[in-house]
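Chemist: Dumping the structure here so I can ask a few things about it.
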Ligand code: DAH
């Protein structure tokens, strides 16, 4: 037996110990052979023999288990040394990110109109003069182009100044009825506290057979949309001008900061300008070859809404990528 104990003691890795285990404890191992001897032993000696054998077995098992534990710990040490795991390394703190407030607001706008069965069309950033201006009833030298000075590319292409050209593309591609929105980036040559050279809009267009789309439909959906965005606000429609709509309207909500009493944000008027809209101008339908239809359109500036919702004072700060501002929206 001392020999067996020595064998366990001398196994210097787990594989060696495993062969020792088979040799001693296996079905055809030393212990099994010892127990088999019981058959030949006279009855009166059996008890004593079995007792001694069981004590030996227990001793060997204990020795074996201890050795195994030692070798396993050694194997882990060895692996750690080889793979270079430095358990003293600081745990890098991981934090979850969040949507940019502009994207979050845009998604909220999209969610509303998708729930109202509008489809979503993205359009391209580069447009030609026809789609960005001409087809939207903004002929060359029209003074309304002045507000939409942009970045001019070669061959009459421009970076789109609004999402309205997607109206034209969608009407050219499909037939009425149309119910679509178009979210995306737009570009202008502007830079001050309320303007950046790149910003975002969501355009909306509904077209159906003549007489099926009315100004009251437009009023209803915009009121419902603005209450979805801002809660229970008053909504006001003011006559305005856009070349691509006739009549045109600008839509205001009662100031969400002073509830219409008049404060710094609403310039003491009690109202906040939110978006432009109107009935699609006959010339726009002419440009895409539509006849006997009626429709409404609207355009929302996404940053304007995000700034109001989050009380952000300077539009430019939205695009500076300063985490001190952005992490407040997590
Ligand atoms: N395209 C206009 C702009 O960028 C916004 C707009 C106003 C879009 C009225 C519309 C509309 O569709 O009907 O200032």
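Bear in mind that the values in this text are calculations on the coordinates, not laboratory data. Just so it is clear, the model here is predicted, and its values are computed rather than measured. Glycine also receives a Cβ, built like all others from the backbone with ideal geometry; neighbour counts cover every protein chain displayed.
Chemist: Contact order normalised by length for the chain, with contacts defined as Cα pairs under 8 Å and 6 or more residues apart; what percent is it? Walk me through the numbers before you get to the answer.
Modeler: Working: 468 pairs, mean separation 49.8, N = 330.
With pairs under 8 Å counted, the relative contact order is 15 percent.
Chemist: Sketch the reach of a paramagnetic label on residue 209 as a point 7 Å from Cα along Cα-to-Cβ, and name the residues of region 267-310 whose backbone nitrogen lies under 18 Å away.
Modeler: 290-296
Chemist: Counting other beta carbons within 10 Å of each Cβ, put 169, 200 in order, fewest first. Spell out each step's value before the answer.
Modeler: Values: 169 17, 200 23.
In order of increasing Cβ crowding within 10 Å: 169, 200.
Chemist: To continue, here is another question. Want the number for residue 224 to residue 28: 0.36 nm per residue separation, take away the alpha-carbon distance, what's left?
Modeler: Using 0.36 nm per residue and subtracting the Cα-Cα distance, I get 62.1 nm.
Chemist: Peptides 294-307, 273-286, 108-121: what's the order by average Cβ count within 10 Å, highest mean first?
Modeler: Working: 294-307: 22.9, 273-286: 19.8, 108-121: 15.0.
In descending order of packing, they fall as 294-307, 273-286, 108-121.
Chemist: Let me know the shape class of region 127-248, please: from the alpha-carbon gyration tensor, a ≥ b ≥ c as square roots of the eigenvalues, rounded when a/c is under 1.5, otherwise prolate if a/b is greater than b/c, or oblate. Write out the running numbers ahead of the final one.
Modeler: Working: a/c = 1.87, a/b = 1.30, b/c = 1.44.
It is oblate, given that a/c is not under 1.5 and a/b is not larger than b/c.
Chemist: What do you get for Rg/Rh of the chain when both radii come from the Cα atoms and Rh is the Kirkwood radius? Walk me through the numbers before you get to the answer.
Modeler: Values: Rg = 39.7 Å, Rh = 26.3 Å.
Result: Rg/Rh = 1.51.
Chemist: So, by mean Cβ neighbours within 10 angstrom, what's the order for 235-247, 44-56, 179-191 with the highest one leading?
Modeler: The peptides rank, most packed first, as 179-191, 235-247, 44-56.
Chemist: To continue, here is another question. Please state the shape class of region 2-83: rounded when a/c is under 1.5, otherwise prolate if a/b exceeds b/c and oblate if not, all from the C-alpha gyration tensor.
Modeler: Values: a/c = 4.17, a/b = 2.96, b/c = 1.41.
Prolate is the answer for region 2-83, as a/c is 1.5 or above and a/b outweighs b/c.
Chemist: On to the next question. With a Förster radius of 41 Å, plug the Cβ-Cβ distance of residue 72 and residue 38 into 1/(1 + (r/R0)^6) and report the FRET value to the nearest 0.05. Walk me through the numbers on the way to the answer.
Modeler: Details: r = 34 Å, r/R0 = 0.83.
Using R0 = 41 Å, I get an efficiency of 0.75.
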